[in-house]
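Here's the structure we're looking at; comments come further down.
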Amino acid sequence: MAEEANLHSLQELEREEILQVLYRDQTVRNIEEERIRKLKIHLQHLRWKGAKRVSQEYKEKSCARCQRILGLLLNRGAVCQGCSHRVCSECRVFLRRTQAWKCTVCFEDRNVKIKTGEWFFEERAKKFPTEGKRETAGAKLLQSYQKLSKISVVPPTPPPLSESQCSGSPGRLQELGQFKGFNKSMENLFLSVATHMKKLSKSQNDMTSDKQLLATGPRQCTGQSERRSQSDTAINVTTRKVRAPDILKPLNQESPKCPTNPVLKQEDLSSSPPPNTLFSGGLRHGSLISINSTCTEMGNFDNANVTGEIEFAIRYCFKTHSLEICIKACKNLAYGEEKKKKCNPYVKIYLLPDKSSQGKRKTGVQRNTVDPTFQETLKYQVDPAQLVSRQLQVSVWHVGMLTRRVFLGEVIIPLATWDFEDSTMQSFCWYPLGAKAEKYEDGVPPNYGELAVRAKLVLPGGPRKLQEAQEGTGDQPSSNGQLCLVVLGAKNLRVRSDGTLNSFVKGCLTLPDQQKLRLKSPVLKKQACPQWKHSFVFKDVTPSQLRQASLELTVWDQAVFGVSDRLLGGARLSSKEDPAGGTDSCSQSKLQWQKVLSSPNLWTDMTLILH
Amino acid sequence: MASATDSRYGQKESSDQNFDYMFKILIIGNSSVGKTSFLFRYADDSFTPAFVSTVGIDFKVKTIYRNDKRIKLQIWDTAGQERYRTITTAYYRGAMGFILMYDITNEESFNAVQDWSTQIKTYSWDNAQVLLVGNKCDMEDERVVSSERGRQLADHLGFEFFEASAKDNINVKQTFERLVDVICEKMSESLDTADPAVTGTKQGPQLTDQQAPPHQDCAC
Ligand SMILES: Nc1nc2c(ncn2[C@@H]2O[C@H](COP(=O)(O)OP(=O)(O)OP(=O)(O)O)[C@@H](O)[C@H]2O)c(=O)[nH]1
Ligand SMILES: [Mg+2]
Ligand SMILES: [Zn+2]
Ligand SMILES: [Zn+2]
């Protein structure tokens with residue numbers, strides 16, 4: 001019995017280890033995707049330029065690339081092997097160490113194929129034509145693990161309510177069944193402990209000798225982590241257990257009531273205008289915002305003229321999910337109080353968009369210096385998957401008399417493309433301090449909190465039917481399905497001055513024929529971080545309709561005197577092109593939405609940013 | 001542990017995308033032949049005599065300069081143990097090149113080379129570049145597989161061949177660099193023979209003829 005438990009824990013250890021690798025790989029992939037996206041944009045521009053030229057009337061005697069007139073005897077031009085256009089000698093690029101050349105556009109095309117790895121995917125497609133282009137084993141494993149873990153590890157979070165309402169949905173066991181064969185390796189790895197153990201003994205006949213296996217087995221559970229390609233020796237493992245209450249935890253966990261922000265002064269409460277003016281739906285940029293920002297910035301502050309630099313390093317340990325910001329020093333800071341030549345600086349950080357007090361980390365205060373040395377490490381527990389949506393905000397402040405604060409400058413670093421693998425990225429680095437970023441930078445929509453939902457497209461026939469449903473007209477009754485949505489909860493909402501809300505969620509599904517299906521959740525009273533766990537079921541919709549549809553989810557604060565409810569924020573899900581040009585968070589939710597549509601009968605969890 | 005002490009390395013590039021392209025490489029072979037050691041020698045220049053068998057998969061990233069290009073290598077280290085086979089073979093498709101390793105002091109690991117190469121044929125793309133590496137060539141006293149046999153098998157399978165030692169740092173860098181070069185050659189070949197930009201007929205084989213590298217014998 002004891003031995004079994006031991007084996008089981010070994011299994012878990014293995015899973016942990018492999019997961020770490022998968023997450024590290026995920027960041028490498030994110031960075032690579034970003035790089036490729038840029039390259040592709042670049043080529044597209046080049047193509048457009050080329051297109052103009054091609055569309056011009058074709059002249060036999062001019063260079064297809066620069067339009068230079070070609071001579072009859074001298075500079076006659078030659079035909080490019082790539083595109084068969086005649087080009088002048090200026091518009092040729094010679095390939096390395098050869099006499100062969102291509103015209104400038106063909107060369108760039110070739111270049112991009114090399115840089116993006118496209119050549120490999122094209123070659124590979126010859127053998128595996130059905131393989132998704134850039135799909136990697138790691139991505140697949142991670143995906144199926146995340147799905148599996150939702151089903152088998154996390155207790156059934158969507159309440160029975162949703163399960164019964166989605167009558168067409170197969171039970172959990174069936175869902176599990178669908179995974180069989182979907183990804184053999186995950187099945188082997190994470191699911192069947194029993195068969196796994198059998199395999200272990202069977203495998204000894206294969207390419208490995210018994211002797212080796214026996215020898216390596218026991219050692220596995222001991223020191224293997226030492227050799228993982230991690231750079232985490234400095235990380236204190238205990239920090240993992242002492243998790244700060246953190247927005248980065250999955251929202252569907254039952255979280256303790258969010259503490260109300262203690263900063264608001266009494267006068268705010270008494271002098272606040274009547275609710276119907278303050279909380280009217282249209283009012284978004286007025287006094288509410290200022291209440292909110294006052295909360296997060298701990299009262300009033302003054303601005304100094306920003307000067308100087310700050311030195312820090314960013315590290316992430318994939319093993320413990322710990323993000324470490326090592327604040328080393330600042331130099332040439334502005335004086336917090338210019339006249340008195342006084343400066344008592346400290347550093348404060350947030351992982352935006354979280355500006356809650358739980359998300360704040362601060363260093364100690366240094367006295368009477370504009371070149372302070374801190375040498376402090378501030379830590380967060382962040383899921384690797386969450387990193388990409390975060391920005392690190394590092395700001396420097398002066399504490400004056402009567403705890404008056406003066407802003408001395410800040411740096412904002414998006415973590416989406418931060419290469420945590422690259423050791424040079426982990427080194428200390430000086431960053432120039434900047435003035436306070438505009439509240440809403442151009443193109444970056446305001447963030448009014450986060451809404452966690454879980455969605456599933458229920459089709460009667462399971463995944464196999466999807467193909468038909470996609471190809472058919474979509475009108476056969478057999479392909480009619482329903483969209484199940486569980487509104488789990490929301491965080492970081494713009495609370496009332498007493499720190500609470502009476503909130504509810506509205507869902508509106510707009511079908512291609514402009515028909516609107518509306519649903520509403522019950523009101524949850526007196527909560528800052530409501531957990532509705534309410535399910536919306538949109539019945540009788542086909543996958544093809546949904547692909548053209550858009551789903552709008554809005555969060556509201558119920559009006560106290562019933563005048564008008566206050567809109568707290570909303571998010572839109574749609575697979576159509578966003579006319580406004582998608583921001584990153586938009587395109588992310590678009591991807592998630594597409595995942596819902598393309599994996600029927602499976603739950604997909606999403607965290608939507610409210611705008 | 002890359003730590004604060006590296007900071008003198010100089011200012012980091014503001015962009016981490018500071019490379020021209022990325023290759024993915026897979027190291028395979030029986031358990032204990034030295035795959036992980038080989039990778040650690042290459043990426044970290046470290047070696048430890050202790051044996052910690054790899055769990056499933058692992059990888060390291062290393063950016064190198066080769067032919068005036070910065071190439072980012074994502075090198076996947078696979079577990080040799082059979083029980084991880086399903087997970088490791090899933091990675092074959094993503095790899096442009098392979099290092100297939102045996103241990104010159106272990107006959108069985110050499111006999112398994114044929115099977116490993118079949119795995120590559122089955123799970124990988126058709127132009128997979130493979131280097132056969134006989135590791136632990138520092139242990140001459142315990143050698144059971146002669147260089148000659150290694151070379152013959154490599155010829156038979158159409159792979160290039162190196163003998164190497166992760167312990168004494170023999171031919172480690174050379175192996176990776178040769179593999180990168182071979183992949184680069186494959187890349188030019190595939191780009192210049194079948195250029196999809198050609199709509200009509202190909203105008204001639206000149207490009208490929210000139211691209212074909214003189215076949216060097218890679219002695220070690
Ligand atoms: N003498 C000598 N020993 C080596 C050499 N390379 C590896 N070893 C030793 O061989 C043992 C196995 O090395 P690993 O690199 O862990 O083997 P592996 O191929 O990764 O094994 P799996 O992870 O189980 O697939 C270790 O004890 C190493 O120290 C070498 O070049 N010379
Ligand atoms: Mg290993
Ligand atoms: Zn020209
Ligand atoms: Zn051309």
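Each reported figure results from applying straightforward, stated rules to the coordinates on display, with no laboratory input. Just so you know, these numbers come straight off a predicted model, no measurement behind them. Cβ sites come from the backbone with ideal geometry, for glycine too, and all protein chains shown count toward neighbours.
Observations
- Long-range amide H partners of A:Gly569 with built H, under 5 Å: A:Val555
- Amide H to amide H, with H built 1.01 Å from N, B:Glu160 comes under 5 Å of B:Val130, B:Leu132, counting only residues 5 or more places away or on other chains.
- In the range B:19-189, the DSSP beta bridges split such that about 30 percent are antiparallel, to the nearest 5.
- Alpha-carbon centroids, the range A:312-329 and the range A:331-369: separation in whole Å: 19 Å
- Averaged over A:81-87, number of beta-carbon atoms from partner chains that fall within 10 Å: 4
- Within 10 Å of the Cβ of each residue in A:108-118, the mean number of Cβ atoms contributed by other protein chains is 4.
- Normalised by 2.2 N^0.38 Å, where N is the number of residues, the C-alpha radius of gyration of the range B:122-185 stands at 1.20.
- Counting Cβ atoms of other protein chains within 10 Å of each Cβ in B:64-74 and taking the mean gives 2.
- Calculated FRET efficiency for the pair A:Lys126/A:Asp513, C-beta based, R₀ 41 Å, to 0.05: 0.45
- Using a Förster distance of 35 Å, the FRET efficiency for B:Glu140-B:Asp181 (Cβ separation, nearest 0.05): 0.80
- Label point distance in nm, B:Asp115-A:Lys520, each placed 7 Å from Cα along Cα→Cβ: 6.7 nm
- Ordering of B:152-164, A:307-319 by burial proxy (mean other Cβ atoms within 10 Å per residue, highest first): A:307-319, B:152-164
- Most to least packed among B:113-123, A:326-336 [average Cβ atoms within 10 Å]: A:326-336, B:113-123
- For the range B:19-189, the calculated P(r), taken from all Cα-Cα distances in 10 Å bins from zero up to the bin holding the longest distance, is 10, 43, 38, 9, 0 percent.
- Residues A:Asn368 and B:Ser46, FRET efficiency given R0 of 45 Å [Cβ-Cβ distance, rounded to 0.05]: 0.50
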